Number of protein chains: 2
Amino acid sequence: MDPIKIALEEARAAAGRGEVPVGAVVTDGRGRVLARAGNRTEELRDASAHAEMLALRAAARARGEPRLPGCTLTVTLEPCPMCAQAASFFRIARVVFGAYDPKGGGVDHGARVYAAASCHHVPEVVGGVREGECGALLRTFFAALRRDGANCGAGAA
Amino acid sequence: MDPIKIALEEARAAAGRGEVPVGAVVTDGRGRVLARAGNRTEELRDASAHAEMLALRAAARARGEPRLPGCTLTVTLEPCPMCAQAASFFRIARVVFGAYDPKGGGVDHGARVYAAASCHHVPEVVGGVREGECGALLRTFFAALRRDGANCGAGAA
């Protein structure tokens, strides 16, 4: 299956658990899936438990090595600075993402982690893959949150 | 005990395990230690297992909450972009660090994560605490690595 489709499945599963719907998958040089994960920050009580971090760590565990050269990280949303830097530390060869994230992204926005001269390993980056589908998932989730918030009298964010 | 002394203990213990000697501790608003950790990237086969990440996640587990408002992260080395962003996600109030890291740091150097307009939560930052002692630990470790490398015929890095 196309990695971005797997990432989308993980994102939908995250939404079903009440988590921000972001999904990620790590594939090796032959396209085999090493690990897949969705966001679990609330469930794990871990603000760092983004889909990318969980997938990278699980892929390294699966390989028994702390680094993943030749591998691709595919994720439904532009990685934040934490996940972008983690992908660099794991020596990921290629980062593919769906929706751009002007508010929280750290690849094409914000801290632009890979643009820093001190970033020792810069993966190839491909953004905007199935952008509409990936972005719609997030918009639907946050629209529902705001609606529920309004219903509870909490007002829109 | 002064948190930076605890972080230094963790850094020394990391060196003893053959890990890059960085140590971190999370304390709450009253100065109580919630969690302490040293770098374990090689042992855990996890390139993201920096001292800060391990301490932040352990502190959140200890509290049973995904965020740590009012808490301080104290670390022997300027946090990298991954750890700096993680501290922000965990809503850490204050980041205190020892040695500055022009090569890998992400607070005062490189991606300067907290300087991005899109960084939603910016902790107070205090750098250079026991800077000499924290830096010496790293210099000694890397000098020994280069020496051992040269002895093995691998040459200096």
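For a test of the definition: using alpha carbon positions, the gyration tensor, and the 1.5 limit on a/c, classify region B:23-65 as rounded, prolate or oblate.
prolate
Nm distances between the label at B:GLY149 and the same-position labels in the remaining copies, 7 Å along Cα→Cβ, shortest first?
B:GLY149 label point versus its equivalents elsewhere: 4.9 nm.
Hey, if you put +1 on the Cβ of every Lys and Arg and -1 on every Asp and Glu Cβ in the protein assembly as shown, which of B:ALA14, A:ALA111, B:PRO123 ends up farthest toward the positive end of that dipole?
Ranked along the dipole, the leading option is B:ALA14.
Among A:THR74, A:ALA47, A:ALA60, pick out the residue whose Cα is farthest towards the positive end of the charge dipole of region A:31-76, where Lys and Arg carry +1 and Asp and Glu carry -1 on C-beta, about the Cα centre.
A:ALA60
Could you give each residue of region B:78-86 its phi-based ³J(HN,Hα) in whole Hz, using Karplus coefficients 6.51, -1.76, 1.60 with θ = phi - 60°, and x for Gly or Pro?
Karplus-based 3J(HN,Hα) across region B:78-86 equals 3, x, 6, x, 4, 6, 4, 5, 4 Hz.
Of all beta bridges DSSP finds with both residues in region A:1-151, what is the antiparallel percent, to the nearest 5?
55 percent
Between copies, how close do the A:LYS5 label points come, placed 7 Å along Cα→Cβ, listed in nm from shortest?
Label point to label point, same position, other copies: 6.1 nm.
Report the Stokes-Einstein translational diffusion coefficient (µm² s⁻¹, integer) for the protein assembly as shown, Rh taken as the Kirkwood radius over Cα pairs, at 4 °C with viscosity 1.567 mPa s.
Calculated translational D: 65 µm²/s.
So what is the relative contact order of region B:1-46, in percent, for Cα pairs below 8 Å that sit 6 or more residues apart?
34 percent
Net charge within 15 Å of A:VAL125 by Cβ-Cβ distance, Lys/Arg positive one each and Asp/Glu negative one each, not counting A:VAL125 itself?
Within the 15 Å Cβ shell, the charges total -3.
For region A:102-149 and region A:1-66, write down the distance between their C-alpha centroids in whole Å.
One Cα centre to the other: 15 Å.
Grab the Cα-Cα distance for A:ARG32 and A:MET1, subtract it from 0.36 nm times how many residues apart they are, and report the gain in nm with one decimal.
Here the segment from A:ARG32 to A:MET1 would lengthen by 10.2 nm.
Under a GNM of chain B (C-alpha, springs under 10 Å), which listed residue has the highest mean-square fluctuation: B:CYS119, B:CYS134, B:CYS80?
Largest GNM mean-square fluctuation: B:CYS119.
Which lysines have a Cα lying under 26 Å from the Cα of A:LYS5, excluding residues fewer than 8 positions away in the same chain?
Output for A:LYS5: A:LYS103.
Please work out the FRET efficiency for the pair B:ASP148 and B:VAL122, using the Cβ-Cβ distance as r and a Förster radius of 30 Å; give the result to the nearest 0.05.
After rounding, the FRET efficiency stands at 0.15.
Helix A:131-151: angle to the longest alpha-carbon principal axis of chain A, degrees 0 to 90, nearest 10?
Once rounded, one gets 30 degrees.
Express in % the proportion of alpha carbon pairs of region B:87-131 at distances exceeding 17 Å.
So the pairs more than 17 Å apart make up 31 percent of the total in region B:87-131.
Output the 0 to 90 degree angle, nearest 10, between the alpha-carbon long axis of helix A:3-16 and the longest principal axis computed from the alpha carbons of chain A.
That works out to roughly 40 degrees.
From the square roots a ≥ b ≥ c of the eigenvalues of the alpha-carbon gyration tensor of region B:51-135, which class results: rounded (a/c under 1.5), prolate (a/b over b/c), or oblate?
oblate
Give the angle, between 0 and 90 degrees and rounded to the nearest 10, that separates the Cα long axis of helix B:51-63 from the longest principal axis of the Cα atoms of chain B.
The angle comes out near 30 degrees.
Once you keep just the Cα pairs under 8 angstrom separated by 6 or more residues, what percentage relative contact order results for region B:19-157?
With pairs under 8 Å counted, the relative contact order is 19 percent.
Over chain A, what portion of Cα pair distances is larger than 25 Å, expressed as a whole percent?
So the portion of pairs separated by more than 25 Å is 26 percent.
From the label point of A:GLU124, set 7 Å along Cα to the beta carbon, how far off in nm is each other copy's matching point, shortest first?
Nearest to farthest, the other copies are at 4.7 nm.
When the helix-only estimate is applied to the protein assembly as shown (DSSP H runs of n ≥ 4, each -39,500 (n - 2.57), divided by the residue count), what is the mean residue ellipticity at 222 nm, nearest 500 deg cm²/dmol?
After summing the helix terms and dividing by residue count, I get -12000 deg cm²/dmol.
FYI, it's all coordinate maths here, none of it is from the lab. These numbers come from a predicted model, not from an experiment. Using ideal geometry, Cβ is built from the backbone for each residue, glycine included, and neighbour counts are taken over all protein chains shown.
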